[in-house]
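Novice: Have a look at this one.
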Amino acid sequence: MQFNFNIYSYAESSDSHKGKKPKLVFGDAGWDSIRIHNKIARIIIEEGYGYKTDEITGSSPIVIKGLRQGDIDISMESWTDNIADVYEPGIEKGEIVELSVNYDDNAQGLYVPTYVIEGDSERGIEPMAPDLKSIKDLPKYKEVFKDPDNPSKGRIYGAPPNWFSDEVLRTKMETYDLNKDFEYFNPGSDTSLNTSIVSAYEKGEPWVGYYWDPTWIIGKYDMTLLKDEPYDKEKWENGFACEFPGVRVTIAVNKDMLETAPDVVEFLKNYETTTEINSKLLAYMQDNDGDLDKTVKWFFDEYEELWTKWVSEDIANKVKESTDSKGGKFGLSFKEFPKNFNIELGIYVEKLVSWLTRHFQGFFDGLAAIINWIVSGIRSILVTIPWFIFILLIFLLGWKMINWKSGIIYAIMMFLIGGLGLWNEMIFTLSIVITGVLISIIIGIPIGIHMSYNDKVEAFMKPILDGAQTMPSFVHLIPAMIFFGLGTVPAVFATIIYSTAPCIRFTNLGIREVPKEMKEAAYSYGSSSWQVLTKVELPQAMPTIMAGINQTTMAAMSMVVISSMIGSKGLGENVLIAINRTDVAMGFDSGISIVFLAIIIDRITQRISNEHKDI
Amino acid sequence: MTEKIIVENLVKTFGSRPKLALEGLKKGWNKKEILKKTGQTIGVNKVSFSVDEGEIFVIIGLSGSGKSTIIRCLNLLNKPTSGNVIVDGENIVNYDKNSLREFRQEKMAMVFQQFGLFTHMTVLENVAYGLEIKKVDKEKREKIAIDAIEEVGLKGWEHKMPNELSGGMQQRVGLARALANDPDILLMDEPFSALDPLIRRDMQIELLDLQSRLKKTIVFITHDINEAFKLGDRVAVMRDGSIVQMGTPEEILNNPSDEYIEDFVKDIDRTKVVRAKDIMKRPNAIVSLNAGVRVAIKEMQVNDISSVFVVDKNRKIQGIVTIDDCIESVKNNKSSLKEILKQDYYTTKEDVYIEDLIDKGVKTKYPIVVVDNEERVLGIIVRTSILTGLLTTNGD
């Protein structure tokens, strides 16, 4: 009686004291184990403590940044070492408070798929590096892990930029003298790192790079951690010449939580799991099509002894009640779409893509070689032009195409890009844009012509084009990565998919707009179809086609920035790093350079399109 | 005259299943029934006609009557669903790609309603287009093109773009483009419909003028009955994909085959259709120059008229004498007609439209003489018949 009353009055007093209970925001840094922990904690907090909760997604440094600023209240998995440069200042300044260590018995380091060492008789894969046991064996096998962008070296997939492990690995490469045989490859983000593993694994290709557990990748795929010197503090402090220590994965909250939700703070202080539990949860989730709710329910059943220790008996009962009852968290609700009614469209696309990669490997390799050849060709041409000649050429182009004022402005813009120290990045971006646009035109115009001649083809193509253009451009990165891994080639490929659409669309439109009588006139004088196309239709459609090419160029430009997420170099990479570091200055420098480049390209191509309009 | 183009049982349907439409036609369904039952549209329904060499054959009909479809069947811009199109004795319907291209390059040229000019080419390039396709070398084709441009009165405009020209000038370019190819047959699909009435009139006259020199075989499409009757040696009237009447303008005007045609020709301005030859009388009263005054008086007495035309022995018109002058001569014992011949009469050619005679009819004291090119008398037109000719023709 006393106890019940107590709970009631507590709730009331906290209400009257603070007004309404605040909504607690969790940070979702994007991997599965943090999602599981978030869900577990959210159910306990909502059902047991009666707070509302929410989740914000962002990369892990951004989550910590949000935690410090109070946009996010709780981080259930803070990989302290990896995000030390945002996390530690937060602790020091008292902006965030570390409540407990979720688990700290995890592993990280360089992994390879086990078939690389042992082969896989089922899939017909021969061992590629049979004696590869430790990191120090890697130089023997640099040929196996050949870097497509630099075939004289091997490629080690690094940690996502701005993770602490990124710095560790870069230093370790030097310490172990791996740099002469290997290129340290920046994967852009943890998501694309995942994809590079999945893609390599599906194709049975060699792969070596940074990874960690607990993760579903380690749960799903047979991966082997390469051995390193046993952890030793002294060696670690001298060039990281030993294995990674277990990282403290902590639960951290914004300082205000201590005031606004002291009961939740108490609960989180007790929250503790192990790597083993995490791996089991991730494996369970992977086996159940990534069903988070099911996994969490499984946790509440399976680990009841564990979690009931975190909270008082009363709270535990409330949580149990809700998770057990049909009408509770997992039951049917009319407000939410029924969860057990699942259409899994993505699975088929995934199957198709993996079938394609398995059966057309040679084709994709050939394609990759061609794209690579064009990009490096264009790049080497651009690189040989001295910077002042390049600026002069831009000036002349602006002057010729528009007027001398524009020429001067463009030249100044180019000069500024150089001044910001981004000249090489700009050249790289430009070479990818040019390649992407060239290939888009080569593909797009014939398809557009075909489409304009045939209503059925048009009806077939239109939804595809709509899809390609409205689908978030990030999505294009996924097949590009799976077909071509990470690097320049998939970046160009994704660019082509995205930017060909306007070229096709405008070619189709332009030719369809040619007056019927004009075509009839051409035919009535005995022209062949080819003559009608080249002498009448294409010249007539040219203003429209040029407008399409302008859009294609702009699309390529925007895609090239996004594709830095899958390891394309250039201006986009700097933007990405700036985002990860929330580095305003760097973000502005690279951002404004992209704007300059985009303006110059846009104005010049637009001008070409307008000139054709005069006829 | 030889038949240049023969069209036999031409059918053109639109829709994905032409067989259904053809079966429907066999069963005797009409256009509406076929559309309702099969979803197919009948563009041209079993049309047969022939065009003589050197004539202007006009096809007239309201929009949707199938006239533009027919003309496009003649050069296979529309492929006939069934039937034959025979040009110079060859059935072109089954031509393969190459024969068709050659046929289009050599035999026919087409002029379009909206001109169909290539707006990205100069006037010269437009006119030379057909020759370019024929692979005539540049120097030669430009020379021919320049001549053709001059022929249509556009000298000096060779290097302009079509958009810089007025509508009438643009259609001249279209005409020059067709002429540059020197085809036997000109297909003209409502060539003057997009022009304003004054310019249209000029173009019509110019076309007739060109035709009198070039003697092409012309198939001309229009929806303007006045234009059809003015230009056409023969006219075919179309309705719902079929030809409902075919004949010379006069035949159609005088004997409309049904109410539809009657309605059609109701609005016609007869002064623009009826010609001198349609209302002239045979010259019963006519005297020879050598005949003398008494014969002339006698002639006038018999025919109950007060003046008579005088011709030489080749029936060439010499003048007119009046009854008053003849009687005066008799009193003065003079018998020669020569001295009393008057020249204040009007002559006209037999092809002149009444429209152009009204003015003379008002001014003249005597009938108007219809003469041929050698000034020989073919007939006379009395003033009253000009006015009555507006109502009916061939009053006798």
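Novice: How big is segment A:550-615 on each of its three principal axes, counting only the C-alpha atoms and giving the largest first in Å?
Specialist: Computed over the Cα atoms, the extents are 51, 23, 13 Å.
Novice: To test your reading of the geometry: what angle, between 0 and 90 degrees and rounded to tens, separates the Cα axis of helix A:164-175 from the longest principal axis of chain A?
Specialist: It is inclined by approximately 70 degrees.
Novice: For chain B, give the magnitude of the charge dipole about the Cα centre (Cβ charges: +1 Lys/Arg, -1 Asp/Glu; no others), in debye to the nearest 20.
Specialist: Values: 58 positive and 60 negative charges, 140 e Å.
Charge dipole, chain B, about its Cα centre: 680 debye, nearest 20.
Novice: Taking the beta-carbon count within 10 Å as an exposure proxy, list B:Thr81, A:Thr260, B:Thr248, A:Thr488 from fewest neighbours to most.
Specialist: Working: B:Thr81 21, A:Thr260 17, B:Thr248 13, A:Thr488 26.
The fewest-first ordering by Cβ neighbours comes to B:Thr248, A:Thr260, B:Thr81, A:Thr488.
Novice: Work from the charge dipole of segment A:107-237 (Cβ charges, +1 for Lys and Arg, -1 for Asp and Glu, about the Cα centre) and give the residue of A:Gly154, A:Ala200, A:Gly119 farthest towards its positive end.
Specialist: A:Gly154
Novice: Here's another thing I want to ask about it. Compute the separation of the alpha-carbon centres of segment A:49-124 and segment B:367-384 and state it in Å as a whole number.
Specialist: 112 Å
Novice: Let me ask something else. Can you tell me the length gained on complete extension of the stretch A:Asp177 to A:Ser529, counting 0.36 nm per residue apart and subtracting the Cα distance? List each step's numbers first, then the result.
Specialist: Numbers: separation 352, 0.36 × 352 = 126.72 nm, distance 6.38 nm.
So the chain would gain 120.3 nm between A:Asp177 and A:Ser529.
Novice: Continuing with the same structure: Output the 0 to 90 degree angle, nearest 10, between the alpha-carbon long axis of helix B:97-106 and the longest principal axis computed from the alpha carbons of chain B.
Specialist: Helix B:97-106 sits roughly 30 degrees off the main axis of chain B.
Novice: Just the Cα atoms of the protein assembly as shown: what Rg and Dmax do they give in Å?
Specialist: Both quantities, over Cα of the protein assembly as shown: 46.1, 164 Å.
Novice: Kindly put A:Ser431, B:Ser166, A:Ser189 in sequence by how many other C-beta atoms sit within 10 Å of each C-beta, fewest to most. Let's see the in-between values first.
Specialist: On the way: A:Ser431 25, B:Ser166 11, A:Ser189 21.
In order of increasing Cβ crowding within 10 Å: B:Ser166, A:Ser189, A:Ser431.
Novice: What order do you get for A:Tyr111, A:Tyr231 when you list them from fewest to most C-beta neighbours inside 10 Å?
Specialist: By the 10 Å Cβ count, ascending, the order reads A:Tyr231, A:Tyr111.
Novice: How far apart, in nm, are the 7 Å Cα→Cβ label points at A:Ser152 and B:Tyr95?
Specialist: For the pair A:Ser152/B:Tyr95, the computed spacing is 6.6 nm.
Novice: Given the pairs B:Lys298/B:Lys334; A:Lys294/A:Lys318; A:Lys519/B:Lys31; B:Lys316/B:Lys349; A:Lys516/B:Lys12; B:Lys46/B:Lys67, which are separated by over 23 angstrom at their Cα positions? Display every interim value, and only then the final one.
Specialist: Working: B:Lys298/B:Lys334 16 Å; A:Lys294/A:Lys318 19 Å; A:Lys519/B:Lys31 29 Å; B:Lys316/B:Lys349 14 Å; A:Lys516/B:Lys12 19 Å; B:Lys46/B:Lys67 13 Å.
Violating the 23 Å limit, Cα to Cα: A:Lys519/B:Lys31.
Novice: Please give the length that would be gained between B:Asp137 and B:Glu106 if that part of the chain were fully extended, namely 0.36 nm times their separation in residues minus their C-alpha to C-alpha distance (nm, one decimal). Write out the running numbers ahead of the final one.
Specialist: Values: separation 31, 0.36 × 31 = 11.16 nm, distance 1.62 nm.
So the chain would gain 9.5 nm between B:Asp137 and B:Glu106.
Novice: Tell me, what ³J(HN,Hα) does each residue in segment B:15-28 have, in order and in whole Hz, if you take phi through Karplus 6.51 cos²θ - 1.76 cosθ + 1.60 with θ = phi - 60° and put x for Gly and Pro?
Specialist: Rounded to whole hertz, the list is x, 7, 10, x, 4, 4, 5, 5, 4, x, 4, 4, 6, x.
Novice: Would you work out the relative contact order for segment A:107-237, in percent, from Cα pairs under 8 angstrom that are 6 or more residues apart?
Specialist: Across segment A:107-237, relative contact order equals 38 percent.
Novice: Over the alpha-carbon set of segment A:340-381, work out the extent along each principal axis and list the three values in angstrom, largest first.
Specialist: Sorted largest first, the three principal extents are 57, 20, 7 Å.
Novice: Report the local net charge at A:Trp310: Lys and Arg +1, Asp and Glu -1, summed over other residues whose C-beta lies under 10 Å from its C-beta.
Specialist: Values: positive: A:Lys269, A:Lys309; negative: A:Glu266, A:Glu272.
Net local charge, A:Trp310 excluded: 0.
Novice: What angle do you read, to the nearest 10 degrees and between 0 and 90, between the alpha-carbon axis of helix A:32-43 and the longest principal axis of chain A?
Specialist: It works out to around 50 degrees.
Novice: Quick one: putting +1 on the C-beta of Lys and Arg, -1 on the C-beta of Asp and Glu, what dipole do you get for the protein assembly as shown around its Cα centre, in Debye to the nearest 20? List each step's numbers first, then the result.
Specialist: On the way: 115 positive and 141 negative charges, 1065 e Å.
Computed about the Cα centre, the dipole is about 5120 debye.
Novice: Within 10 Å of each Cβ of B:117-126, how many other protein chain Cβ atoms are there on average?
Specialist: Taking all residues of B:117-126 together, the mean is 4.
Novice: Quick one: check the C-alpha center-to-center distance for segment A:374-414 versus segment B:92-159, whole angstrom.
Specialist: 44 Å
Novice: What is the local net charge at B:Asp312, summed over the other residues whose Cβ is closer than 12 Å to its Cβ (Lys, Arg +1; Asp, Glu -1)? Kindly include the intermediate steps, with their values, before the conclusion.
Specialist: Values: positive: B:Lys313, B:Arg315, B:Lys316, B:Lys338, B:Arg376; negative: B:Glu374, B:Glu375.
Overall, the nearby charge balance is +3.
Novice: Would you mind checking which residues have amide H under 5 Å from B:Val244's amide H? H placed 1.01 Å from N; only 5 or more apart, or other chain.
Specialist: Amide H neighbours of B:Val244: B:Val237, B:Met238, B:Arg239.
Novice: If you don't mind, there's one more thing I want to ask. Kindly provide the Kirkwood hydrodynamic radius of segment A:107-237 in Å, to one decimal, from all pairs of distinct alpha carbon atoms. Let's see the in-between values first.
Specialist: Details: mean 1/r = 0.0670 Å⁻¹.
By the Kirkwood definition, the hydrodynamic radius is 14.9 Å.
Novice: Evaluate the relative contact order of chain B (contact order divided by residue number), counting alpha-carbon pairs under 8 angstrom at least 6 apart; express in whole percent.
Specialist: Values: 729 pairs, mean separation 59.5, N = 396.
For chain B, the relative contact order is 15 percent.
Novice: Could you please tell me the mean projected area of the C-alpha convex hull for chain B, averaged over all directions and given in square nanometres to one decimal? Provide the component values of the computation, followed by the final result.
Specialist: Values: hull surface 97.2 nm².
Projected area, direction-averaged: 24.3 nm².
Novice: Relative contact order (percent) for segment A:225-275, with alpha-carbon contacts under 8 angstrom and 6 or more residues of separation?
Specialist: Working: 20 pairs, mean separation 11.3, N = 51.
Relative contact order for segment A:225-275 comes out at 22 percent.
Novice: Which whole number gives the average, over all residues in A:525-533, of C-beta atoms from other chains lying within 10 Å of the residue C-beta? Write out the running numbers ahead of the final one.
Specialist: Working: counts 18, 16, 7, 4, 1, 0, 4, 1, 0.
Partner Cβ neighbours, averaged per residue: 6.
Novice: While we're looking at this one, here's another question. For A:Tyr210, what charge total do you get from the other residues with a beta carbon under 11 Å from its beta carbon, if Lys and Arg give +1 and Asp and Glu give -1? The partial results should precede the final answer.
Specialist: Values: positive: A:Arg170, A:Lys172; negative: A:Asp166, A:Asp190.
Summing Lys/Arg as +1 and Asp/Glu as -1 gives 0.
Novice: Taking Cα atoms of segment B:277-388, Rg/Rh with Kirkwood Rh, to two decimals?
Specialist: When Rh is taken as the Kirkwood radius, the ratio is 0.97.
Novice: Using +1 on the beta carbon of Lys and Arg, -1 on that of Asp and Glu, and nothing else charged, what's the dipole of segment A:107-237 about the Cα centre, debye to 20? Write out the running numbers ahead of the final one.
Specialist: Numbers: 16 positive and 25 negative charges, 26 e Å.
Value, rounded to 20: 120 debye.
No value in this document is a laboratory result; all are computed from the given coordinates. Keep in mind that this is a model prediction, so the values were computed, not measured. All Cβ positions, even for glycine, are placed from backbone atoms using ideal geometry, and neighbour counts span all protein chains on display.
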